[in-house]
1. Applying 1/(1 + (r/R0)^6) with R0 = 56 Å to the Cβ-Cβ distance of T101 and K227, what FRET efficiency is obtained, to the nearest 0.05?
2. What number, rounded to the nearest 500 deg cm²/dmol, is the helix-based mean residue ellipticity at 222 nm of the chain, given -39500 (n - 2.57) per DSSP H run of at least four residues and division by all its residues?
3. Would you mind pulling out the separation of the Cα centroids of region 368-387 and region 53-68, in Å?
4. Before anything else, pin down the relative contact order of region 155-265: Cα pairs under 8 Å, at least 6 apart, normalised by residue count, whole percent.
5. Using the Cα centre of the chain as origin and beta-carbon charges of +1 (Lys, Arg) and -1 (Asp, Glu), tell me which of I35, I381, G363 is placed farthest towards the positive end of the dipole.
6. Per residue, what accessible area does region 118-164 have, given a 1.4 Å probe and all protein chains present, in Å²?
7. Take the cross-link list K40/K65; K7/K383; K65/K125; K179/K355; K252/K279 and give me the ones stretching past 21 Å between alpha-carbons.
8. With bins 10 Å wide starting at 0, give me the P(r) of region 354-500 over every alpha carbon pair, in whole percents.
Amino acid sequence: MLGYAGKVRSLTTIVHEYITNSLDACEEAGILPEIEVRVKELAENKYSVYVHDNGPGIPYKHVGKALASVLTGTKFHRYMQQRGQQGIGAGGCTIFALITTGKGVHVKSSTGKEAYSCDLSIDIKGNKPLVNNVEQLKPEFRGLIVEGEFGDVKYEKSEHGVYEYVRRTALSNPHISIKLVEPDGNEAVFPRSVKTMPRRPRQILPHPLGISASDLLDFAHTSESRKITSFLVDSFSRVTHDKVRELIEIAKDVDFEKAPKQLTWEDATKIVNAFKHVKWIGPELDAMSTIGEQQVEIAMRNIIDPKFISVVERKPQVFKGGVPFVVEVGIAYGGKAGRANGEQVSGNVLRFANKVPLLFDTGSCAITEAVQGIDWKRYSIAKFDEEPVSVLVNVSSVYIPYSGVGKQAIAQEDEIVEEIKLAVQDAGRKLQRFLSGERHRSVQESGYKTIMRYVSQLAADLEEITGRKKEETERELKTLIEKKYKSLFKEETEEAQSAS
Ligand SMILES: Nc1ncnc2c1ncn2[C@@H]1O[C@H](COP(=O)(O)OP(=O)(O)O)[C@@H](O)[C@H]1O
Ligand SMILES: [Mg+2]
């Protein structure tokens, strides 16, 4: 099962599935998300997970299909930048509960007008939802509550654990308010940093160049079109009847007149291959929703509380000749930036794809490759591994090319790696200016302090030799020294200006 390898990872995956669903549902309904997550230890490697959101809830008639069957997500056939396309969904969690504890999950849902609770399980052989113990409730709460018990999982406060996942979700979604109650009772609260909803990404039809054979099959098998020719024109952006004629020329042995439901894997492979040999107009660019420059800054300030931040949002670019993407970077220095290991602190990279934190498969990710390729010395960071620095990178796209089935790393496409590098370098230059200012200041400061230590003694000695009043000499010397080091005194404001 995707994402369910390793006890810590499994628990993070479960929380990830529920949180992404909550965020998608809230945003779709135009509600500022408020989420509470509780994780309790029940026995060794056995935990309960509770997630409550203030979203629209799920109508009773859909709940079985939504949370207790797999691959029925409503976002599956939509081509829009959303989180739901990542992972195997809520049904996967129900199956995981079932096979590790023998029990399904418990759900409470309220639209604010109607509310119910029920137990959900799955007939795994038939992928059929089983809904039991349905009870009507008073609609005294709002949204969805999912509770389940999971075996073969483990809570750990590491780079890969639930706490870090929640913290990073708060970083990339400053409009949400999220609380995590950890197994030891500790409550981690990440309050909302901005009160505006992110811009809704516009739904667009997929561009043929971003499509894999399996995507094409999925689209075809749910299509209402009569023939493959019209299916292609209706389902994809930039595909015209002229273009279809070109495709027919290239994929000669595919029958384009049959129903899309009859499309086979071989047909799909041939059509996808033909896509690559046709000249296409690039995709529409405004289908993406980024975190936003200001939002990144506010979130990093609230959560990391650094001495310095620089944020860069680049213009959309395309990769693979056609798929648009946008890179955002925030660098934080000082404060709680970096990763603390006891006394020591090291630089860390916070990776995001469409605002979803990526905690696993670090090594094979375009973001890691790009950040490691940076010559940090040029940005006044002598050793990235020994400085309090956090580099946040978010890649947004309607089609993120993940490098593995777990969808935890972005494929190392040249265009993407290059674009991330440029963005990090941009932000790095501002960091460099800040740090060299800092260093200049600390050299000046120690010079000032050293010389000031001698003033009083020198004035006293001079009084003995010349008879000139000590206080007078001292005052004049101080004025002279302060004049020489005047940058130390007016610098505060100047620095703030150069940093912004
Ligand atoms: N917290 C929630 N609030 C409202 N609807 C939800 C929630 N969680 C899941 N759903 C519904 O259940 C569907 C299935 O979820 P899921 O299996 O995770 O697929 P996906 O997220 O890819 O759509 C969602 O598409 C959504 O319609
Ligand atoms: Mg989902």
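The values are calculated or read from the model by the stated rules, or taken from the named source; none is laboratory data. Fair warning: this is a prediction, and the values are worked out from it, not measured in the lab. Backbone-built Cβ (ideal geometry, glycine too); neighbour counts: all protein chains shown. Side chains are part of the model used for accessible areas, which takes the heavy atoms of the whole protein and leaves out ligands, DNA and RNA. Shrake-Rupley method; radii C 1.70, N 1.55, O 1.52, S 1.80 Å.
1. On the way: r = 48 Å, r/R0 = 0.86.
Efficiency, from the Cβ-Cβ distance: 0.70.
2. Details: 13 runs with 193 residues, N = 500.
Mean residue ellipticity, 222 nm, calculated: -12500 deg cm²/dmol.
3. Cα centres, region 368-387 to region 53-68: 46 Å.
4. Details: 113 pairs, mean separation 21.7, N = 111.
Relative contact order, region 155-265: 20 percent.
5. I35
6. On the way: 2740 Å² over 47 residues.
Dividing the accessible area of region 118-164 by its residue count gives 58 Å².
7. On the way: K40/K65 27 Å; K7/K383 33 Å; K65/K125 15 Å; K179/K355 18 Å; K252/K279 18 Å.
In this structure, K40/K65; K7/K383 lie more than 21 Å apart at Cα.
8. Going from the shortest bin to the longest, the percentages are 9, 26, 20, 14, 12, 9, 6, 3, 0.
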